[in-house]
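The structure under discussion appears below in the form of structure tokens.
The values are calculated or read from the model by the stated rules, or taken from the named source; none is laboratory data. What you see is a predicted model; the values in this text were computed from it and never measured. Note that we place each Cβ from the backbone using ideal geometry, even for glycine, and neighbour counts take in every protein chain shown. Surface accessibility is based on the protein's heavy atoms, side chains included, excluding ligands, DNA and RNA. Shrake-Rupley method; radii C 1.70, N 1.55, O 1.52, S 1.80 Å.
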Amino acid sequence: MSDSSPVRPVAPVLEVWCDLQCPDCRSALEDVRALRARYGDRLELRLRHFPLEKHKHAFAAAQAAEEAAEQGKGWDYVEAVLGRVEELGREGEPFLVEVAGELGLDAEEFDTALIDGRHILIVDADQAEGKAIGVTGTPTYVIDGERLDGGKSQEGLRERIEEIADRLLAAQGA
């Protein structure tokens with residue numbers, strides 16, 4: 001028997017390589033929000049972790065973001081932490097647990113996840129893949145194989161991402 005329901009095309013993917021302690025990533029948040037608002041589920045935004053060595057708490061923040069995603073509030077958590085990078089810099093891991101509690105997540109589970117390191121492999125894999133494709137700083141975007149570096153300037157990047165996304169969606173007839 002054949003299924004005649006329409007096959008929904010796979011949404012183009014925009015990878016956002018991010019360090020959650022990075023002021024430039026916080027600045028990029030406005031563009032990410034605008035892209036999410038414009039495309040909704042027609043463009044898949046995928047957070048990729050690229051904690052920079054110069055940011056002492058970025059690796060823990062990346063693990064915490066993975067725990068937040070597991071608890072169903074990944075982007076909410078990312079936005080909350082990025083909005084307060086200075087606090088993360090001053091307070092470290094206790095701040096990450098505090099934000100989880102503010103968002104109604106299981107803060108105790110966050111604390112445990114940071115201690116037991118259950119998300120380290122995901123963060124390590126993202127970082128290794130980022131290095132392999134030439135990511136050197138954050139934020140960096142990858143869409144349709146094109147890498148766009150936002151660490152130096154966000155100027156014009158959202159427009160370039162929109163051009164590529166619009167082209168990909170038009171090719172799908174979406």
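A few notes on this one:
- Complete set of residues in the range 134-153 that are open to solvent by less than 40 Å² (accessible area, probe 1.4 Å) and either among the aromatic types (Phe, Trp, Tyr) or in contact (Cβ under 8 Å) with a residue 24 or more places away in the chain (or both): VAL135, GLY137, THR138, PRO139, THR140, TYR141, VAL142, ILE143, GLY150, GLY151
- Annotation for the range 80-92: no member residue is open to solvent by 60 Å² or more (accessible area, probe 1.4 Å) and farther than 19 Å from ASP19 by Cβ.
- GLU70 vs. criteria farther than 16 Å from GLU109 by Cβ, among the acidic types (Asp, Glu) and open to solvent by 80 Å² or more (accessible area, probe 1.4 Å): no
- Filtered by the rule that a residue be farther than 17 Å from ALA125 by Cβ, touching a strand residue (DSSP E or B) at 6+ places or on another chain (Cβ under 6 Å) and among the charged types (D, E, K, R), the range 37-90 gives a lone residue, GLU44.
- Residue match in the range 110-133 (condition: at pLDDT below 95, surrounded by 17 or more Cβ atoms within 10 Å (Cβ to Cβ) and not aliphatic (A, V, I, L, M)): yes
For every residue, the table says whether it meets (1) modelled with pLDDT of 95 or more; (2) out of contact with any Asp or Glu (no Cβ under 8 Å at 6 or more places or on another chain); (3) in a helix (DSSP H, G or I); (4) under 22 Å from LEU169 (Cα atoms).
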site: PRO6; (1), (2), (3), (4): no, yes, no, yes
site: SER27; (1), (2), (3), (4): no, yes, yes, no
site: ARG46; (1), (2), (3), (4): no, no, no, yes
site: LYS56; (1), (2), (3), (4): yes, yes, no, no
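- In the range 7-48, residue most open to solvent (accessible area, probe 1.4 Å) [restricted to those that are of a type in the set (D, E, K, R) and over 22 Å from ALA62 (Cβ atoms)]: ARG8
- Residue among VAL81, VAL99 that is free of Cβ contacts under 8 Å to residues at least 60 places away in the same chain and touching a helix residue (DSSP H, G or I) at 6+ places or on another chain (Cβ under 8 Å): VAL99
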